[in-house]
Amino acid sequence: MPELEEINFNGEIYVKKSSIENAAPSFDEDDEKHPYCIFRGHECGVHAGYLVESNLYGSPNAVKVAQARRLWRWDSKFTLTELANNGPRKAENCKFSEPSKNEIILLDVFEILPCTKDSAKWLKEVYSYDPNA
């Protein structure tokens, strides 16, 4: 007998937990518990993504980030604060990695900048830079 992967109950589809364990978490733009932020670290550099958890391992500098993108170059008025508030001026001048498929842990974050909804939208839409292209 084949193994049941999903079931329809009163018009709702339910799936077997083991079939979605490795699925990347999804976040709503209005989710205040997991804001989209820019993270600056001493050695890890600058990242953008959803703040999942902070103060990991008893360290105020350790954070877990979902859908993280490494920001190598950005085009803003002056600082990362403007990037978090307004997004990039010209997306084509930015060099961002593709978003991580798994959550990552940054161990040396010393600045967390929550993004505005508009800025988060722009940051997520910047084309992933390919150095080999």
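Count of the stretch 63-80 residues, restricted to those that are out of contact with any Phe, Trp or Tyr (no Cβ under 9 Å at 6 or more places or on another chain) and modelled with pLDDT under 95, is 5. Restricting the stretch 47-88 to residues that are surrounded by 15 or more Cβ atoms within 10 Å (Cβ to Cβ) and among the basic types (K, R), the residue that is nearest to I104 (Cα to Cα) is K64. Any residue in the stretch 66-91 that's without any contact (Cβ under 8 Å) to a residue 60 or more places away in the chain and more than 17 Å from P114 (Cβ to Cβ): show its pairings with residues that are of a type outside the set (G, A, S) and part of a helix (DSSP H, G or I) at Cβ separation under 8 Å, as long as the two are six or more apart or on different chains. Every condition considered, the pairs that remain are R73/N93; D75/N93; K77/N86; A91/W122; A91/E125. Taken together, P35, P60, P2 contain a single residue that is at pLDDT 80 or above and more than 17 Å from the chain's Cα centre (by Cα), which is P60.
Filtered by the rule that a residue be charged (D, E, K, R), without any contact (Cβ under 8 Å) to a residue 40 or more places away in the chain and within 21 Å of V63 (Cβ to Cβ), the stretch 92-122 gives a lone residue, E98.
Contact map, the stretch 4-15: residues that are at negative phi paired with residues that are of a type in the set (S, T, Y), Cβ distance under 9 Å, separation 6+ or inter-chain. Pairs shown: E5/S19; E6/Y14; E6/S19; I7/Y14; N8/Y14.
The values are calculated or read from the model by the stated rules, or taken from the named source; none is laboratory data. Being a predicted model, the structure only gives us computed values, none of them experimental. Every residue, glycine among them, receives a Cβ derived from its backbone with ideal geometry; neighbour counts consider all protein chains shown.
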